[in-house]
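Read-outs: derived from the displayed coordinates by stated rules, not from any lab. All values derive from a computational prediction rather than experimental measurement. Note that each Cβ is placed from the backbone with ideal geometry, even for glycine, and that neighbours are counted across all protein chains shown.
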Amino acid sequence: MSIYSRDEIEGILKRYGDMIYRMAYIQVKNRDVADDIYQEVCMRLVRQKTRIEPEEHLKAWLLRITINCCKDYWKSSWVQRITWYQTDDANAEEEATFEQIDMSENQSMGYVTECVQRLSQKYRVVIHLYYYEDYSQKEIARLLGKKESTIASWLRRGREQLKTILNEREACMYEF
């Protein structure tokens, strides 16, 4: 039995559902897995035994749960086994070309969001929280349990990597 009523849960998911899904998708890069993570976050909200007040704490709680579910996914034995079996050549080839991005997965994504997907996980998370969810560096640090200076460094490095990716992408587009 949830502390939240069905109507309250529906309202919470209407307000924050897109945010939860975007955060999951930006981290796992797969719609099916993002759907599973979204469902897990919803189940944890339903099973929540205490009310989360005020609204900002609820939003932060939902983001923290989403991030934790994504981490759990990456730590799962299935993903570890699959990742272990991939060869370095296949990974290098996949990283090297933009044409290998599954366009069916990324059709609805914007140009910059597609490039953000190519960042490492820690940079994707802070870039997403800062630019897409409008969190300050201080709020991100508190949410992720890191020092504010660490978040500032990750944002700077993420921006640098993103700039490089955007420049590479632009260069590839003008080669034809």
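For region 15-60, the normalised intensity computed at q = 0.29, 0.31 Å⁻¹ comes to -1.07, -1.12 (log10 of I(q)/I(0), Debye sum over alpha carbons, equal scatterers, no solvent). Set the Cα radius of gyration of region 109-172 against 2.2 N^0.38 Å, with N its number of residues, and you get 1.12. One chain, two ends: GLN121 and ALA60. Fully extended at 0.36 nm per residue, the span grows by 20.1 nm beyond their Cα-Cα distance.
If R0 equals 22 Å, the separation of the Cβ atoms of ASN68 and LEU166 corresponds to a calculated FRET efficiency of about 0.15.
Structure shown: which of LYS29/LYS49; LYS49/LYS75; LYS49/LYS122; LYS29/LYS122; LYS71/LYS163 lie over 21 Å apart, alpha-carbon to alpha-carbon? Could the numbers behind the result be given before it?
On the way: LYS29/LYS49 31 Å; LYS49/LYS75 26 Å; LYS49/LYS122 30 Å; LYS29/LYS122 14 Å; LYS71/LYS163 26 Å.
Check vs 21 Å cut-off fails for LYS29/LYS49; LYS49/LYS75; LYS49/LYS122; LYS71/LYS163.
FRET efficiency for the ASP36 to ILE3 pair, using the beta carbon distance and R₀ = 25 Å, is estimated at 0.55. Estimated from the Cβ-Cβ distance and a Förster radius of 30 angstrom, the FRET efficiency linking ALA152 and SER76 is about 0.45.
Subtracting the Cα-Cα distance of GLU133 and ARG44 from their residue separation scaled by 0.36 nm leaves 29.9 nm.
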